[in-house]
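S.K.: Shown below is the structure under consideration.
Throughout, read-outs are computed from the coordinates displayed, never taken from laboratory work. Remember, it's a predicted structure, so these values are computed and weren't measured experimentally. Glycine also receives a Cβ, built like all others from the backbone with ideal geometry; neighbour counts cover every protein chain displayed.
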Amino acid sequence: LRRHTMALKQLDVRGDICPYPMMKTVQALKKLTAQDEGLEVITDHAPALETIPTQAARLGYAAQIDETGSPEWRITLTRSA
């Protein structure tokens with residue numbers, strides 16, 4: 001498995017509750033340029049683990065969720081191939 005350093009923008013929505021994490025994520029995704037490979041979202045709001053990937057998929061992004069704390073998650077959104 002090869003890993004390369006991705007040019008990811010970061011968005012920290014810790015402390016925000018729905019619908020704000022999803023809304024802020026959609027706004028950030030729409031601002032990405034061709035040079036940006038994706039967006040890394042940090043959240044501590046569990047419902048965002050469903051709403052953010054669903055909305056991102058509608059915009060053509062795949063989601064990977066990693067637990068980084070208790071409770072805290074990193075959602076990595078990258079353009080679907």
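S.K.: Run lengths n ≥ 4 of DSSP H only: what is the helix-derived mean residue ellipticity at 222 nm for the chain, with -39500 (n - 2.57) per run over all residues, to the nearest 500?
M.R.: Details: 2 runs with 22 residues, N = 81.
After summing the helix terms and dividing by residue count, I get -8000 deg cm²/dmol.
S.K.: 7 Å from Cα along Cα→Cβ at both D36 and D12: what's the point-to-point distance in nm?
M.R.: Taking the two extended label points, one gets 1.7 nm.
S.K.: At most 14 other C-beta atoms within 10 Å and a DSSP loop state: those are the exposed trypsin sites (Lys or Arg not before Pro) I care about. Give me the longest piece of the chain that has none. List each step's numbers first, then the result.
M.R.: Working: sites that count: R2, R3, R14, K31.
That would be 32-81.
S.K.: Springs between alpha-carbon atoms under 10 Å, Gaussian network over the chain: tell me which of P53, P21, P71 tops the mean-square fluctuations.
M.R.: P71
S.K.: Identify which of the listed values of Cα extents along the principal axes in Å was calculated from the structure shown: (1) 54, 23, 21; (2) 30, 27, 17; (3) 41, 22, 20.
M.R.: The calculated read-out lines up with (2).
S.K.: Additional query: Which one of Y61, A48, L11 is farthest out on the positive end of the charge dipole of the chain, using unit charges on Cβ (Lys, Arg +1; Asp, Glu -1) and the Cα centre as origin?
M.R.: Among Y61, A48, L11, the one farthest towards the positive end of the dipole of the chain is Y61.
S.K.: What's the magnitude of the charge dipole for the chain around its Cα centre, counting Lys and Arg as +1 and Asp and Glu as -1 at the beta-carbon? Answer in Debye, nearest 20.
M.R.: On the way: 10 positive and 10 negative charges, 80 e Å.
It works out to roughly 380 debye.
S.K.: Give me the distance in nm between label points sitting 7 Å out from Cα along the Cα-to-Cβ direction at Y20 and R74, one decimal.
M.R.: Rounded to a tenth, the inter-label distance reads 2.3 nm.
S.K.: Also, I was wondering about something else. When DSSP assigns beta bridges and you keep just the ones with both residues in the chain, what percent turn out antiparallel, to the nearest 5? Display every interim value, and only then the final one.
M.R.: Working: 14 of 19 bridges.
Of all bridge pairs located within the chain, approximately 75 percent are antiparallel.
S.K.: If neighbour count is taken as other Cβ atoms inside 10 Å, put Y20, Y61 in order from fewest to most.
M.R.: Numbers: Y20 13, Y61 21.
Fewest-to-most Cβ neighbours within 10 Å comes out as Y20, Y61.
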